[in-house]
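The values are calculated or read from the model by the stated rules, or taken from the named source; none is laboratory data. Nothing here was measured: the structure is a model prediction, and the numbers come from that model. Here the Cβ positions follow ideal geometry from the backbone for every residue, glycine too, while neighbour counts run over all protein chains shown. We work out accessible area using only protein heavy atoms, side chains counted, and drop any ligands, DNA or RNA first. Shrake-Rupley method; radii C 1.70, N 1.55, O 1.52, S 1.80 Å.
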Amino acid sequence: MMYNKFVFFFLLFCFQSASSQNNAFSTNYANWIISTGANSTDIKSNNIDGTEYIDKNFYSSTFSCISEVTPPIRYNTYKEEMEFVLDGKLYYLNKNKDCELTINNKTYQYFIDYDKKENNGYLIIINKSKNSKYLLYKKEKVKFIPPYIPSSPYAEEKPAKYVVEKSKFFIKIQDSLTVFPEKKSDLLKLFPTSKDAIELFLNENKIKFNEESSLLVLINFLNTL
């Protein structure tokens, strides 16, 4: 069965040493996946508006560290979990910061403390090539807002809801991940030795620091410096 084959090879990947890989052959699924306890049908509370997902569809997947066939996967943006279905039940993938996961033409990488605020999660790699000195990442986020119960009988009660927050962008310089500057002055501080070239580029191009396509143009330029 395709999914069982995926489980077998992913299990090997999760263990680093050759000896642990040998022992992995007989290891149960529970050592690297976490069952949600739900079936594959979406469960939606009538008291919560919105959804935990930006896109709740399952898509074909590939892993940078596995050559075998892998199952369709979706990203639970609120829970920071990659989900797949096995035998009618929903499972989470074991998180590994060294393995890139591609679904629906988006490549994700898991980071620990990506924003220096003890937040862990999956970031989308926006640009990547062998010659890239600097990588641009996007963090998608879904926030849960609890129900509003007014203290006054004249105010309107509001149900709990999930809200898609504004995406944040990060830049990776060498092995350091930092928030991508949101204005020109901060960008120049980040690249003081290339200040003149960057200023000239920004003057000649209409770069918007809150727009992904614009930041992609900018990061491609920075990689030429």
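Report, by residue number, each residue of the stretch 80-94 that is assigned to a loop (DSSP other than H, G, I, E, B) and either β-branched (V, I, T) or under 11 Å from the mean Cα position of the chain (by Cα) (or both).
Result: E80, single match.
Residue by residue through the stretch 113-144, note down the ones that are under 21 Å from I66 (Cβ atoms) and among the aliphatic types (A, V, I, L, M).
L123, I124, I125
Run T178 past the list (1) of a type in the set (S, T, N, Q); (2) under 27 Å from I125 (Cβ atoms); (3) loosely packed, with under 11 Cβ neighbours inside 10 Å and report the number of the one that doesn't hold.
(3)
Please go through the stretch 99-112 and give me each residue that is in a loop (DSSP other than H, G, I, E, B), open to solvent by 20 Å² or more (accessible area, probe 1.4 Å) and within 25 Å of E68 (Cβ to Cβ), ordered by number.
Once the filter is applied, which keeps residues that are in a loop (DSSP other than H, G, I, E, B), open to solvent by 20 Å² or more (accessible area, probe 1.4 Å) and within 25 Å of E68 (Cβ to Cβ), the stretch 99-112 yields E100, N104, N105.
Quick check on E182: is it farther than 27 Å from N96 by Cα, in contact (Cβ under 8 Å) with a residue 24 or more places away in the chain and part of a loop (DSSP other than H, G, I, E, B)?
So E182 fits the description; yes.
Against the condition farther than 19 Å from I126 by Cα, open to solvent by 60 Å² or more (accessible area, probe 1.4 Å) and touching a Pro at 6+ places or on another chain (Cβ under 6 Å), how does P159 come out, does it pass?
yes
For the stretch 120-137, enumerate the residues that are open to solvent by 60 Å² or more (accessible area, probe 1.4 Å) and modelled with pLDDT under 90.
Across the stretch 120-137, the qualifying residues are K128, S129, K130, N131.
List the number of the failed condition for L202; all other conditions in (1) surrounded by 15 or more Cβ atoms within 10 Å (Cβ to Cβ); (2) assigned to a loop (DSSP other than H, G, I, E, B) hold.
Checking L202 against (1) surrounded by 15 or more Cβ atoms within 10 Å (Cβ to Cβ); (2) assigned to a loop (DSSP other than H, G, I, E, B), the one that fails is (2).
Exactly one condition in (1) farther than 21 Å from K138 by Cα; (2) loosely packed, with under 12 Cβ neighbours inside 10 Å is not met by K195; state its number.
The single condition K195 does not satisfy is (2).
When F170 is evaluated against the numbered criteria (1) open to solvent by less than 60 Å² (accessible area, probe 1.4 Å); (2) outside any loop (DSSP other than H, G, I, E, B); (3) touching a residue at least 60 places away in the same chain (Cβ under 8 Å), which criterion, by number, is the only one it fails?
Failed condition: (3).
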